[in-house]
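**Q** I have a structure here, written as structure tokens, and I will follow up with some questions on it.
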Amino acid sequence: MSGTDAAAREDEARGAVSADRLRDHLVAFSELFRDSGTEDERRAAAYLRERLAESGVAAQTLTFPSYVSWPREGTLTVVGSDGAEEAIPVRTRSFGGSTAGAGITAELAFVPFSAPERGAMIFGHRAVAGEYDGLDVAGKVVLTADGGPDGIRRAEERGAVAHVHVWPSDEDAIHEMIATPVWGTPTPETAPRIPRIPALGLTHADGRRLEALVAAGPVTVRLTSRVETVWAELPLVVADIPGTESDRFLLVGSHIDSWYEGITDNATGDVALLELARVLAARRDRLRHGVRFAWWPGHSTGRYSGSTWYADTRFMELRERSLGYLNIDSPGPRGASVWDCRYNCGEIEAVTGAVVRELSGQEPNIRRPLKAGDQSFLGVGLPSLGAFRMLPVDHPDRKAVGGCGGGWWWHTPADTLDKADPELLAEDTRLYVTLVLRMCAPRLHPYDFVPVADDFVAHLEAYAATAGEHLDLAGVLARARAFRGAAAELRAAVAAAGDDPAGIAAANATLFALSRVLNPALFTVAGPYEFDPALQLPVLPGLAGVGALAASDPASDHHRFLATQLVRQRNRVEDALRTAQGIVATFLAHRPPPPMDPARG
């Protein structure tokens, strides 16, 4: 097919996206509070299956037991020395600890924190360096903006009896959050990481007022927390549109559960998948490779338990057949206009970048995957791709939140039908239609591993500079540079494959194998078969400890323990690069010769 024909087909498919259909779906979802494990979540799953059947798309509902946590009631009361009491509005946190009896009465300890930059996403800030220096929080309630699972852990490790999170931006809303760092259902090794202390959230204004009280003298507070943590049977809807020429497929996911109505987090994503399925099912003859849609439960109260369970139980199928993972979360919020291309692995960044440029005219802000948002497949080796439209940084509704395009209503009862713009959602869905077609219509997988090699080289150079004499990274860095040369050779050889079926098959097998080897090394510590905690990690996270190594006493136990760990992670990265070089060398040595030109005899 010529480039002109492919463009015309893409344009026709985009034109089939209906804002009216999306609006109707959103109205249906607005009547459901889809907490995981509830009847409304099951009703939403049934609605999805019914609409998919109307579009001729085969769907099934898988069920599995998940460890979920529903935050219930919580209180925080300032107890004055004269016996006067003042109640402060708070929310408990999923997987936070519960109190017994009358609760906990203790002194409030303020832990300093840095203010986030305007437009920063949640937890883009952290407590100031050395925040606990000189502070004794044992037996006290910690008040801080260091509110992620790692912040709660830091407080608990220092003997705090509870953690109160001051929201970093100034909206008059308290956001639902989750306290555990455990990704998916816990294991015997990870379950102890679930916090045991209560975790509460309050507004920025109330937090600052409490900070001022602490500065003026000792403050006593009484708090209660009730969190219901149970096993629940969750529904996971999966639908397939098979490819015409291969059994490989692009996995496209969206979380079905939400807080409250959760219209822009994430009913808009759920209905975008429905519309994608309808549009593509009517054009399935254009898909050489298939598309698999999945609506994940357990996102908000199970810490991505649905996508994690699927990665566990469908591991070999995903490893052998999936082209990649497109996660759609919070599309179509009102006021959104700026494309933010996080969650893109290097091998497919050109696909996302080209689509965003062509359809929006914006220069894409390509970024590597965050450890968030159902990114449960990097260990399996799936390339991740994604694009989300955000509110501009100077928009009055933009706050330091984690979804809804940056809208202040994220994870609150205010995430209602009026927060979605069906016309914008249709535009976003057209972009996703185009991404899927660019991944699934061509015979040749659109991967390029030169940017991946550049990621290895750049981050290893930075780690080497930090490590200095404390960790020798010269060998692994040389290996990364050699792989950079091999990736460039591979790019040229793949481009030369043309329309030759044997050449395309060999190239696809090579590209596919490289993703499985390189992505676990580049984006995980735990590797393919376990899951890292839900904490933000840099690229090549296994070597991120070189800064702590360089700063520690070389004679200390900590330094020597850490050095041992880093040597093992260095070996892991270098071995992945060695394996990748071998895959490329095998392809270059055995690639099929180009077909004979009939005109030359």
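**Q** Residue by residue through region 256-267, which ³J(HN,Hα) values in whole Hz follow from phi under the Karplus form 6.51 cos²θ - 1.76 cosθ + 1.60 (θ = phi - 60°), with glycine and proline marked x?
**A** For region 256-267, the Karplus curve yields 7, 7, 8, 8, 6, 5, x, 5, 8, 8, 8, 4 Hz.
**Q** Roughly what angle does helix 19-29 make with the longest principal axis of the chain, taking Cα atoms, 0 to 90 degrees, to the nearest 10?
**A** 40
**Q** Rounded, prolate or oblate: which fits region 68-227 when a ≥ b ≥ c are the square roots of the eigenvalues of the alpha-carbon gyration tensor, with rounded for a/c under 1.5 and prolate only if a/b beats b/c? Provide the component values of the computation, followed by the final result.
**A** Working: a/c = 1.42, a/b = 1.17, b/c = 1.21.
It is rounded, given that a/c, with a ≥ b ≥ c, falls under 1.5.
**Q** May I pose another question? Which one, ALA453, THR77, ALA138, is farthest towards the positive end of the dipole of the chain when Lys and Arg carry +1 and Asp and Glu -1 on their Cβ?
**A** The residue sitting farthest along the positive end of the dipole is ALA453.
**Q** How high is the FRET efficiency from ALA16 to GLN362, r the C-beta distance, R0 35 Å, rounded to 0.05?
**A** Details: r = 24 Å, r/R0 = 0.68.
It comes to 0.90.
**Q** Further, regarding this structure: Report the full-extension gain for the segment VAL393 to THR187: residue separation times 0.36 nm, less the Cα-Cα distance, to one decimal in nm. Can you show the working numbers first?
**A** Values: separation 206, 0.36 × 206 = 74.16 nm, distance 3.97 nm.
Between VAL393 and THR187, full extension yields an extra 70.2 nm.
**Q** For region 1-65 and region 94-111, compute the distance between their C-alpha centroids and round to whole Å.
**A** 42
**Q** Would you mind computing, in nm to one decimal, how far apart the modelled labels at ALA492 and VAL79 are, each placed 7 Å from Cα along Cα→Cβ?
**A** My value for the distance between the label points is 7.6 nm.
**Q** Can you sort ARG91, ARG491 from fewest to most other Cβ atoms within 10 Å of each residue's own Cβ? It would help to have the intermediate numbers written out before the result.
**A** Values: ARG91 23, ARG491 14.
Ordered from fewest to most neighbouring Cβ atoms within 10 Å, ARG91, ARG491 come out as ARG491, ARG91.
**Q** For region 493-570 and region 375-450, what is the centre-to-centre distance using only Cα atoms, to the nearest Å?
**A** The distance from the Cα centre of region 493-570 to that of region 375-450 comes to 25 Å.
**Q** A further question follows. About the Cα centre of the chain, what is the dipole size in debye to 20, counting +1 per Lys and Arg Cβ and -1 per Asp and Glu Cβ, all else neutral? Could the numbers behind the result be given before it?
**A** Working: 60 positive and 78 negative charges, 279 e Å.
Dipole magnitude for the chain comes out near 1340 debye.
**Q** Choose one of ALA548, TRP339, TRP231: the residue whose Cα lies farthest towards the positive end of the charge dipole of the chain (beta-carbon charges +1 Lys, Arg; -1 Asp, Glu; about the Cα centre).
**A** It is ALA548.
**Q** Estimate the FRET efficiency between ALA138 and ALA53 by the formula 1/(1 + (r/R0)^6), using the beta-carbon distance for r and 60 Å for R0, to the nearest 0.05.
**A** On the way: r = 59 Å, r/R0 = 0.98.
That pair, ALA138 with ALA53, gives E of 0.55.
**Q** Give me the Kirkwood hydrodynamic radius of region 196-259 in Å, from all C-alpha pairs, to one decimal place?
**A** Details: mean 1/r = 0.0554 Å⁻¹.
It works out to 18.0 Å.
**Q** Hey, another quick one. Would you pull out the residues with amide H under 5 Å of LEU323's amide H, same chain only if 5 or more places away, H placed 1.01 Å from N?
**A** Here the answer is PHE249, LEU250, LEU251, since their amide H atoms fall under 5 Å of that of LEU323.
**Q** What's the magnitude of the charge dipole for region 321-470 around its Cα centre, counting Lys and Arg as +1 and Asp and Glu as -1 at the beta-carbon? Answer in Debye, nearest 20. Don't skip to the end; give the middle numbers.
**A** Values: 14 positive and 20 negative charges, 63 e Å.
Once rounded to the nearest 20, the dipole reads 300 debye.
**Q** Spin-label point model (7 Å from Cα, Cβ direction): what's the THR416 to THR61 distance in nm?
**A** Computed distance between label sites THR416 and THR61 equals 2.8 nm.
**Q** Continuing with this model, one more query. Kindly identify region 450-600 as rounded, prolate or oblate by the Cα gyration tensor criterion: order the square roots of the eigenvalues as a ≥ b ≥ c, call it rounded if a/c is under 1.5, otherwise compare a/b with b/c, prolate if a/b is larger, else oblate.
**A** On the way: a/c = 3.50, a/b = 2.56, b/c = 1.36.
In terms of gyration-tensor shape, prolate.
**Q** Moving to a separate point now. How would you rank TRP408, TRP296, TRP231, going from fewest to most other Cβ atoms within 10 Å of each one's own Cβ? Each step should come with its number before you reach the end.
**A** Details: TRP408 23, TRP296 28, TRP231 11.
Ordered from fewest to most neighbouring Cβ atoms within 10 Å, TRP408, TRP296, TRP231 come out as TRP231, TRP408, TRP296.
**Q** Rank THR187, VAL68, ILE197 by how far each Cα sits towards the positive end of the charge dipole of region 68-227 (+1 on Lys, Arg Cβ; -1 on Asp, Glu Cβ) and give me just the farthest.
**A** THR187
**Q** A further question follows. If each residue's Cβ is checked for other Cβ atoms within 10 Å, how do THR187, THR579 rank with the fewest at the top? Please list the in-between numbers first.
**A** On the way: THR187 10, THR579 17.
Going from least to most buried by this count: THR187, THR579.
**Q** Sticking with this structure for a sec: Apply the Karplus curve 6.51 cos²θ - 1.76 cosθ + 1.60, θ = phi - 60°, to the phi angles in region 405-414 and return the couplings in whole Hz, x for Gly and Pro.
**A** Listing the rounded values in order: x, x, x, 4, 7, 3, 6, 9, x, 7 Hz.
**Q** Something else: Which of rounded, prolate, oblate describes the chain, given a ≥ b ≥ c as roots of the alpha-carbon gyration tensor eigenvalues and a/c under 1.5 marking rounded, otherwise prolate only if a/b is larger than b/c?
**A** The shape class here is oblate.
**Q** Now, a different point. Residue separation times 0.36 nm, minus the C-alpha to C-alpha distance between ARG288 and ALA474: what's the value?
**A** Full extension from ARG288 to ALA474 adds 62.6 nm.
**Q** Report ³J(HN,Hα) in whole Hz for each residue of region 89-106, in order, from the Karplus equation J = 6.51 cos²θ - 1.76 cosθ + 1.60 where θ = phi - 60°; Gly and Pro get x.
**A** x, 9, 10, 6, 10, 3, 6, x, x, 9, 9, 10, x, 7, x, 10, 10, 7
**Q** Sticking with this structure for a sec: To the nearest 500 deg cm²/dmol, what mean residue ellipticity at 222 nm is calculated for the chain from DSSP H runs of n ≥ 4 alone, each contributing -39,500 (n - 2.57), summed and divided by the residues?
**A** On the way: 15 runs with 226 residues, N = 601.
Estimated from H runs of four or more residues: -12500 deg cm²/dmol.
Each reported figure results from applying straightforward, stated rules to the coordinates on display, with no laboratory input. The shown structure was predicted, so the numbers you read here are calculated from the model rather than taken from an experiment. Neighbour counts are summed over all protein chains in view; Cβ atoms, including those assigned to glycine, are modelled from backbone coordinates with ideal geometry.
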